[in-house]
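A short worksheet on the structure shown next.
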Amino acid sequence: MNLLKFLRPGRSAAKQKNLPPLMLRNTLSGELEEFKPMGSAVKMYNCGPTVYDFVHIGNLRAYVFADTIRRSLHAWGYKVQQVINITDFGHLVSDADEGEDKMTKGLKREGLRVTMANMRKLAERYAESFFKDIGELGLDVEHIRFPRASDYIPEQIAVIKTLEQKGYAYRLEDGVYYDTSRFPGYGKLGDQDIEAQEAGARLEVNTNKRHPADFVLWKSDKKLGWESPWGLGFPGWHTECVAMIFKLLGKQIDIHTGGIDHIAIHHNNELAQAEAATGKPFVRYWMHGEFITIEDKKVSKSLRNTIYLHNLTDKGLSARALRYWFLNGHYRTPMNFTWDAVEGANTAYGRLVRAYLELPPSQMRPDETFLKDFYAAIADDLNTPQALARVWELLRDPAIIPAVKRASLAEADKILGLGLGDSGPVARVSVISVDDLPEDVQRLIAAREEARTNKDFKKSDDLRAQIAKKGFEVKDAPGGQKVTKK
Ligand code: AMP
Ligand code: ZN
């Protein structure tokens, strides 16, 4: 028989949108700045996870934050080239080159021998679970590149060689180090107090580094690793991002993100390497997301308070409800996870999805005043809590007709990513969008939608007959008009 078709929200109005300047807070200047990309496609890099274990909900907040940036850029009409790296070797437990190697820790935990092959196997397993988690949270995994650090060893060696040639590196017995004193303005990101670091470091374990802030570029190893001009070993963790950015996005990029923990060391170290290597500014907009605490405590495995996405879904909570909860906090505000808070978010999210699905599908245009306020909230450094407040106001507004509400929500959801259109029965059975119907049939369907909304059943029946003459049968279902080819 025929193909079943359900109506989907109307065509994007992005082209005609009269958007305010998109203001983003740049950690480099400490100011709100208007976003202007270098070229036609925005180049964005988000520091990715070390895949030695499942990512926890704190990590997931960092990627929903990155996704909010991506979706907002799309709404503002930009194409986006997005890269999230996968750290699949090395990375000491502390960013400051101390402690145990995370991947080795993961191997030991799982009773696996510490070999390069096992490291890769472990990494791929947890990378898969990371992709699944972020996919469930609404990230467009198909359109993001996820380079594995271990696939870019020659590129990392090349960066270190350049730094060595330019006089920014020195060798010690256990590897090659970056000489931070050679880079003027080291620590400029987030205005780090390097002198204080130096004072604090006197109390630490003795090292032969020239300055406590100096960091490892190549870590020598007697048994494992890759061959390099400095012998067997591993590139330092801070080098992989620089090498992959250079290779995949270019020497200068628009946006670089991470959690606030990355500002002091990791991102200052990336910046120092990249700018020393090229002599050019590396990143135009550095953006950092605040942390999640759990029941008021730091997320920590030793406290056994780590929460993973599957802990929520096992309890019947929806992944998008977690996204809803994230969006209810501004990305620069710390959030405290409690089960009560997330269950509350799940209830509110369920209510929102139901409200959306009860609205009649439509080809109507979104409400302009709503969209103006909604985009103004997003333009204000991605103020998602305010944007969500506008959504609830829209739903409560008696002056806006249901079909317009639905079109408005569909448009807003392009940024919110709550999956309104695909979270319920409508999308589950939807095979082809209404946009695929002939234009004249689309117009008749839209007119009939309006007639139904206005309870003008005679007109609605007339329009059904006209649609039938064009070869399509239309039925009214709970999710909206259902169109089949006769
Ligand atoms: P990592 O695998 O530790 O490098 O973390 C991956 C990403 O998650 C980084 O952007 C971190 O800054 C971020 N992150 C780690 N812990 C938290 C947390 N508790 N809350 C929010 N973001 C976090
Ligand atoms: Zn990084």
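So here's what we get for this one:
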| read-out | value |
| --- | --- |
| Net length gained if the chain between Asn311 and His143 were fully extended (0.36 nm per residue, minus Cα distance) | 57.8 nm |
| The chain: mean projected area of Cα convex hull, nm² | 25.5 nm² |
| Karplus-derived 3J(HN,Hα), 6.51/-1.76/1.60, for each residue of the stretch 455-463, Hz, glycine and proline x | 6, 8, 6, 5, 4, 4, 5, 4, 5 |
| On Cα atoms only, tilt of 116-136 relative to the major axis of the chain in degrees | 30 degrees |
| Accessible area of the chain belonging to carbon and sulfur atoms, whole % at 1.4 Å probe | 50 percent |
| Helix 402-416 axis, angle to the chain major axis (alpha carbon atoms, nearest 10°) | 10 degrees |
| The stretch 3-303, accessible area per residue, ligands and nucleic acids excluded (1.4 Å, Å²) | 44 Å² |
| Whether the stretch 315-427 is rounded, prolate or oblate, judged on the alpha carbon gyration tensor where a/c under 1.5 counts as rounded | oblate |
| Label-point gap, in nm, between Leu224 and Arg109 - each point 7 angstrom along Cα→Cβ | 1.5 nm |
| Order by protection proxy (mean Cβ within 10 Å, highest first), peptides 56-65, 243-252 | 56-65, 243-252 |
| Angle in degrees between helix 153-165 and the longest Cα principal axis of the chain, rounded to the nearest 10 | 50 degrees |
| Gain upon complete extension [Asp476, Ser181; 0.36 nm per residue less C-alpha separation] | 99.0 nm |
| Dipole magnitude of the stretch 3-303 about its Cα centre (Cβ charges: Lys, Arg +1; Asp, Glu -1), debye to nearest 20 | 1200 debye |
| Charge dipole of the chain about the Cα centre (unit charges at C-beta), most positive-ward option of Val283, Ser408, Trp392 | Ser408 |
| Residues Glu34 and Glu368, FRET efficiency given R0 of 25 Å [Cβ-Cβ distance, rounded to 0.05] | 0.65 |
| Cα lying deepest toward the dipole's positive end in the chain, options Gln466, Leu322, Tyr45, charges on Cβ | Gln466 |
| Gained length - Tyr170 relative to Asp261, 0.36 nm times residue gap less alpha-carbon distance | 30.1 nm |
| Ranked by how many other beta carbons lie within 10 Å on average, peptides 447-459, 321-333, 397-409 from highest | 321-333, 397-409, 447-459 |
| Unit charges on C-beta of K, R, D, E only; dipole of the stretch 315-427, Debye | 220 debye |
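The values are calculated or read from the model by the stated rules, or taken from the named source; none is laboratory data. The shown structure was predicted, so the numbers you read here are calculated from the model rather than taken from an experiment. Backbone-built Cβ (ideal geometry, glycine too); neighbour counts: all protein chains shown. For the accessible areas, the whole protein counts, side chains as well, though only heavy atoms, and no ligand, DNA or RNA atoms are used. Shrake-Rupley method; radii C 1.70, N 1.55, O 1.52, S 1.80 Å.
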